[in-house]
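Below is one structure; the comments refer to it alone.
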Amino acid sequence: MKKNIKSSSVINAINEISMIAKDRGIAHLFTQDSLFDGRQITIRNQTMINFGSCSYLGLETDQRLKDSGIEAIQRYGSQFSCSRTYVSFTLYEELEELLVKMFQAPLLLSTCSTMGHMAVIPIIIDDEDAVILDHQAHISMQDASKRLQLNGIPVTMLRHSRIDELEMKVRELSLKHEKIWYFIDGVYSMYGDFAPIDKIIALMEKYPKLWLYADDAHGMSWAGENGKGYLLSKIKLHPRMVLATSLAKGFASAGGVFLFPNSELRDRVKNWGGPLTYSGPQQPAVIGASIASAKIHLSSEIYYRQAELRERIQFCNETIRKYNLPLIAETDGPIFFIGLGLTKVGYNMVKRLANDGLYVNLGIFPAVPETCTGIRFTITLQHRFEDIENLINRIAYHLPLAFKEEGRTIEDVYRGFKSIIKFEPVTDIKKEKSEPAFHIEKYNTISSIQKELWDSLMDNRGAFNYDILQLFEEVYKNNSQKEDNWEFYYYLVKDRNEKIIVATFFTLALCKEDMFAPPSISTQIEEFRKNNKYYLSAKYLMMGSLLSEGDHLFIDRTESDWKSALMTLLDEVWQQQERSKAEFLYLRDFDLNDVELKSFFMDQGFIKMEIPPSHIFDDFSWSNRDEYLSQLPGKKRNRIKREVLKFENSFDIKFVEQASEAEIEHWYCLYKNIKSKNLAVNLFDIPKKLFFQMANNPDWDIIQLSLKSDLDPREEKSPIAIGFIYKSYPNYYPLIIGIDHSFKEFNTYRQMLFQAILRAKELKMERIHFGLTATEDKQKFGIKPMPKVVYFQQRDSYNSQLINLIPQLEKVRKAS
C-alpha cells in the first residue's frame with residue numbers, strides 16, 4: 001500500500017525536528033551522576049537544577065521506597081517472568097489490595113499506562129460506539145485509538161476542552177452510535193491546564209450515551225484523598241467512566257492503574273486485554289517500591305506533602321505574575337508552560353537557561369502545535385523556594401534577549417496561543433524601537449505592480465508572469481461557486497535603499513484537505529462529497545496558486561541578511577492568515593535539497609511535507625525526432641516506438657487558434673473526464689470560464705488530437721484529447737489536459753507528451769515544465785522528476801479530520 005504523503009511527511013518532519021533538538025543538546029541526553037538527590041542532575045559536565053522531573057512529591061529518593069524495592073529483589077530475584085494470565089508473583093496481591101483501598105474501585109495494574117491503554121481501550125469500546133478525542137489528549141490514547149479505526153469505529157478530534165463543540169458532536173453521533181466516549185487528560189501534560197470536569201459531568205448527566213475515558217497520570221499523588229488524583233479530588237468515579245492513572249510520576253515507582261465502574265467491565269479487560277495477557281508483569285523491585293509508596297499514600301503524611309507542594313506551586317504562580325511572563329495556563333497544578341512562539345526562540349531560551357544551571361523541557365511540535373513552542377517546567381518537593389525564584393528571574397531576564405537575538409517579539413506568543421489559552425498582554429517585556437532594515441509592500445492585484453518589474457523577478461521561475469496572473473485574477477472572481485473565488489496577495493520586501501530582496505505571491509482558496517492523500521483515500525472521500533460538496537475542505541493560504549508550478553519565492557541571496565527579509569514576509573503572511581482565518585498555510589515548491597531554507601522554515605515552526613515531484617524536460621540538443629529518439633536509452637526508445645510512434649498517424653494533430661463555444665464545451669468535458677479519474681492531486685474542478693479565456697489567447701498553445709475518421713467509430717466525430725500549454729519563452733508550461741478514455745488502445749496521453757516535446761522544439765523553447773504526477777510515463781520520454789517539498793502550518797490547534805479518517809477508509813478499501 002502506498003503510504004499517505006501527508007502522514008509520512010509528518011513522521012519525517014518529527015524525525016528531523018528530533019535530530020535537530022539532539023544536535024543542539026536539547027533532546028536524547030544522558031545524565032552523568034553517580035548519585036541522584038532529586039534536585040540536581042549533571043549533563044555534559046554541567047550540574048543543573050532539574051525542572052524536568054514529574055516526581056512531584058519527591059518520593060523517588062525516599063529511603064522507604066528504596067529499601068522496599070531492595071528487599072523485594074533479595075526475596076524474589078530481579079524478575080518473575082510469567083504472564084499474569086497464568087500466575088502473578090506474591091507481592092502483586094498486597095499491592096492490589098492497597099490500591100483498592102486507596103481508590104475504592106475495581107482496578108487493574110499494567111506495566112505502564114501506555115501499555116494499559118493498548119489493553120483497555122479496544123476491549124471496553126464496542127463496534128457500535130464512537131470516540132471523541134480531545135486534541136491535547138495524551139499521545140498514548142491517540143495511538144491506542146488507531147486500532148479502533150481499523151475496526152471501523154469512528155474516531156474524531158475535538159478542539160481542546162471545547163465543551164460547546166463536544167455537545168454538538170455528542171448530539172450528532174448519538175443518532176448512530178450506542179456509546180460516545182470522550183477521551184481526556186485530567187491534567188494536560190504540556191500546558192498543565194485542567195480538564196473542565198464539572199462541565200463534562202454535567203453533559204454526561206444530560207446525554208446518557210456519553211461516556212468518559214480519562215487519563216489522570218499528571219494528577220496522581222499531589223491531589224485528592226489518599227493522593228488518588230486531580231479528577232477524583234473533584235468528582236467520584238462516574239458509573240459511565242473509566243479512569244487511568246500512572247504510578248510513574250508523583251507515586252514514584254512505575255506502572256499504570258485502571259479504574260472501572262464495575263467488576264464486570266474490569267474482568268472483561270482482565271480476561272482478554274491484549275498486553276495484559278501476552279506481555280510481561282511488573283518486576284519485584286517496582287512492586288516493592290509501589291507497596292511502600294501506597295502505604296505513604298494511605299497515611300496522613302500524604303496530606304503534608306501535598307500541602308508543601310501547594311506552597312511551592314502558589315509561590316511559582318505569584319513569582320510568574322510578578323515578572324509578568326506569558327504563562328499559558330495558571331492553575332494549582334505543578335506543570336508550567338511559558339509561551340515563546342517560534343521554535344528557534346525555544347532553542348535559544350533552553351540554551352541560555354542551561355548555561356545558568358537550569359534544566360527545563362522544550363515544548364515543540366508534535367507535543368504542541370507548530371507555532372506554540374514554549375518552556376515547560378515542573379515543580380516538585382525537591383525544589384527550594386530560591387530555586388523557583390531563580391528560574392523565573394532568569395526566564396524574565398533572558399526572554400527579551402532571546403526575542404531580540406532571534407529577531408522576534410512577544411507578538412508571536414499572542415498569535416500562537418490566543419486560540420488556546422487567554423492571558424493578559426505582557427507589558428514589562430520591552431521592545432526596542434529602531435528603524436527596520438526591511439519593509440514590505442503588499443498588493444491585492446498584479447495590476448498594481450509594474451509589468452516589467454514583476455517579470456524581471458518571476459518570468460523565468462514558473463507559470464506566474466504578469467500576463468498569466470492577470471488572467472487568473474479575471475477568472476477566479478465573481479463566480480457562483482465559492483471554491484472559484486480566490487484572493488491574491490503580492491509581496492515585495494525591500495531594504496532601506498528600495499532594493500527588492502524577497503518577492504512572491506499568495507492565493508487564498510478553498511481546497512480539499514485530501515489534496516495530497518493517496519488516490520484510494522480520495523476515491524472514498526469523493527463518495528461523501530456527493531452529498532456534501534465541501535466535506536473535508538478548508539481555506540488554504542498558499543504561496544503561488546493551485547494552477548502555478550515553479551519557484552514561487554524570489555530571494556536575493558547575495559544580500560547577507562536575506563533571512564531577516566524573509567522573516568518580514570512571514571510576519572505579514574501570518575497576519576494575513578489570521579485575518580483570512582485560513583486553516584492551512586503552505587509555502588511551496590522548494591528544492592528537497594535546499595538545506596538552508598529547510599532549516600530556516602523549520603526554525604519558524606513549519607512542517608516539511610514531500611509532494612509528488614514536478615517534471616522537467618530541458619535537453620533540446622537534438623535537431624529532429626530521430627536524433628531525439630537516438631539519445632534515449634534503448635528500452636525507453638523501443639517503448640516510444642511501440643506505444644507512441646506506432647499510433648502517431650492514427651491522429652489528426654492540430655494546434656487550435658480559434659474555437660467555437662461548442663468546441664470549448666467539448667474540451668471542458670474532456671478535462672472533466674480525466675479530472676474525475678485522476679485523484680493523485682485532488683482539487684476542485686477548474687471553472688469553465690478559464691477555458692474560454694485560454695481558447696482565444698495567443699499566449700496559449702492548444703494541442704488537439706482527433707482520431708482519423710476511419711478509426712473513429714462514433715457517428716459524431718470529435719477530438720479525444722486536448723492540452724493547454726502556456727508559452728513564456730524560454731519556458732513551456734503544459735497546465736491542463738483532457739482525454740476521452742474510451743480509446744485507451746491508442747495511448748493518447750503518451751502521444752500528448754510526445755507532441756508537446758516536438759512543439760516546444762519547434763518554438764525554440766529551452767525548458768518544459770510537465771507538472772506533477774504520472775512520473776513513470778514521463779520518464780520514458782527523458783523527462784526528469786524533480787523532488788519538491790512544501791512547508792506548512794495549521795492555524796488551529798487540532799489536526800484535520802482527514803488524518804482521523806484515513807485508517808477507516810483504508811480498511812474499507814482493503815475489504816472491497
Looking at (1) open to solvent by 20 Å² or more (accessible area, probe 1.4 Å); (2) over 30 Å from residue 306 (Cβ atoms), can you tell me which one residue 170 breaks?
(1)
Residue count, segment 629-648, condition in a helix (DSSP H, G or I) and polar (S, T, N, Q), comes to 2
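Answer with yes or no whether residue 682 is touching a Ser or Thr at 6+ places or on another chain (Cβ under 7 Å) and under 24 Å from residue 484 (Cβ atoms). Don't jump to the end; show me each part of the working.
Details: touching a Ser or Thr at 6+ places or on another chain (Cβ under 7 Å): yes; under 24 Å from residue 484 (Cβ atoms): yes.
For residue 682, the condition - touching a Ser or Thr at 6+ places or on another chain (Cβ under 7 Å) and under 24 Å from residue 484 (Cβ atoms) - is met.
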What is the number of the single condition among (1) closer than 28 Å to residue 362 by Cβ; (2) open to solvent by 10 Å² or more (accessible area, probe 1.4 Å) that residue 601 does not meet?
(2)
Single unsatisfied condition, residue 692 versus (1) in a helix (DSSP H, G or I); (2) open to solvent by 30 Å² or more (accessible area, probe 1.4 Å); (3) in contact with a strand residue (DSSP E or B) (Cβ under 6 Å, 6 or more places away or on another chain); (4) not acidic (Asp, Glu):
(3)
Determine whether residue 382 is farther than 19 Å from residue 136 by Cα, open to solvent by 10 Å² or more (accessible area, probe 1.4 Å), among the polar types (S, T, N, Q) and without any contact (Cβ under 8 Å) to a residue 40 or more places away in the chain.
no
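Which members of segment 440-464 meet the condition of being part of a loop (DSSP other than H, G, I, E, B), more than 32 Å from the chain's Cα centre (by Cα) and surrounded by 15 or more Cβ atoms within 10 Å (Cβ to Cβ)? Give the derivation first.
Filtering segment 440-464 for residues part of a loop (DSSP other than H, G, I, E, B) gives 444-445, 449-450, 459-461, 463-464.
Now restrict to residues that are more than 32 Å from the chain's Cα centre (by Cα): 449-450, 459-460.
Hits for segment 440-464 are 449, 459, 460.
Looking only at segment 272-313, which residues are assigned to a helix (DSSP H, G or I) and at pLDDT below 90?
Residues of segment 272-313 assigned to a helix (DSSP H, G or I): 275-278, 284-297, 301-313.
275, 276, 277, 278 - these are the residues of segment 272-313 that are assigned to a helix (DSSP H, G or I) and at pLDDT below 90.
Yes/no matrix, rows are residues, columns are (1) more than 17 Å from residue 791 (Cα to Cα); (2) among the small types (Gly, Ala, Ser); (3) modelled with pLDDT under 95; (4) in contact with a helix residue (DSSP H, G or I) (Cβ under 7 Å, 6 or more places away or on another chain):
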site	(1), (2), (3), (4)
458	yes, no, yes, no
472	yes, no, no, no
514	no, no, yes, yes
527	yes, no, yes, no
534	yes, no, yes, no
543	no, no, no, no
563	no, no, yes, yes
569	no, no, no, no
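Restricting segment 695-747 to residues that are part of a strand (DSSP E or B) and of a type in the set (Gly, Ala, Ser), which is surrounded by the fewest Cβ atoms within 10 Å (Cβ to Cβ)?
Taking segment 695-747 first, the residues part of a strand (DSSP E or B) are 700-707, 721-728, 731-739.
Checking which are of a type in the set (Gly, Ala, Ser) leaves us with 706, 721, 723, 728, 738.
Values: 706: 18, 721: 25, 723: 24, 728: 21, 738: 23.
Selected residue: 706.
Taking only segment 179-226 into account, find how many residues are hydroxyl-bearing (Ser, Thr, Tyr), open to solvent by less than 10 Å² (accessible area, probe 1.4 Å) and either touching a Ser or Thr at 6+ places or on another chain (Cβ under 7 Å) or part of a strand (DSSP E or B) (or both).
From segment 179-226, those hydroxyl-bearing (Ser, Thr, Tyr) are 182, 188-189, 191, 207, 213, 221; that's our starting set.
In the following step, the residues that additionally are open to solvent by less than 10 Å² (accessible area, probe 1.4 Å) were identified as 182, 188, 191, 213, 221.
Still in the list and also either touching a Ser or Thr at 6+ places or on another chain (Cβ under 7 Å) or part of a strand (DSSP E or B) (or both): 182, 213.
Residues meeting the conditions: 2.
Out of 529, 557, report the one residue that is open to solvent by 40 Å² or more (accessible area, probe 1.4 Å), free of Cβ contacts under 8 Å to residues at least 12 places away in the same chain and charged (D, E, K, R).
Values: 529 fails: open to solvent by 40 Å² or more (accessible area, probe 1.4 Å).
Result: 557 is the single residue among 529, 557 that is open to solvent by 40 Å² or more (accessible area, probe 1.4 Å), free of Cβ contacts under 8 Å to residues at least 12 places away in the same chain and charged (D, E, K, R).
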If you go through segment 135-155 one residue at a time, do you hit one that is on the phi < 0 side of the Ramachandran plot, open to solvent by less than 30 Å² (accessible area, probe 1.4 Å) and at pLDDT 95 or above?
no
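Being among the aliphatic types (A, V, I, L, M), touching a residue at least 40 places away in the same chain (Cβ under 8 Å) and over 24 Å from residue 279 (Cβ atoms) narrows it down to one residue among 123, 132; which is it? Give the steps one after another, and end with the answer.
Details: 123 fails: over 24 Å from residue 279 (Cβ atoms).
Every option except 132 fails the conditions.
The values are calculated or read from the model by the stated rules, or taken from the named source; none is laboratory data. These numbers were taken from a predicted model, which means no experiment stands behind them. Here Cβ is always computed from backbone atoms with ideal geometry, including for glycine, and neighbour counts include all displayed protein chains. We work out accessible area using only protein heavy atoms, side chains counted, and drop any ligands, DNA or RNA first. Shrake-Rupley method; radii C 1.70, N 1.55, O 1.52, S 1.80 Å.
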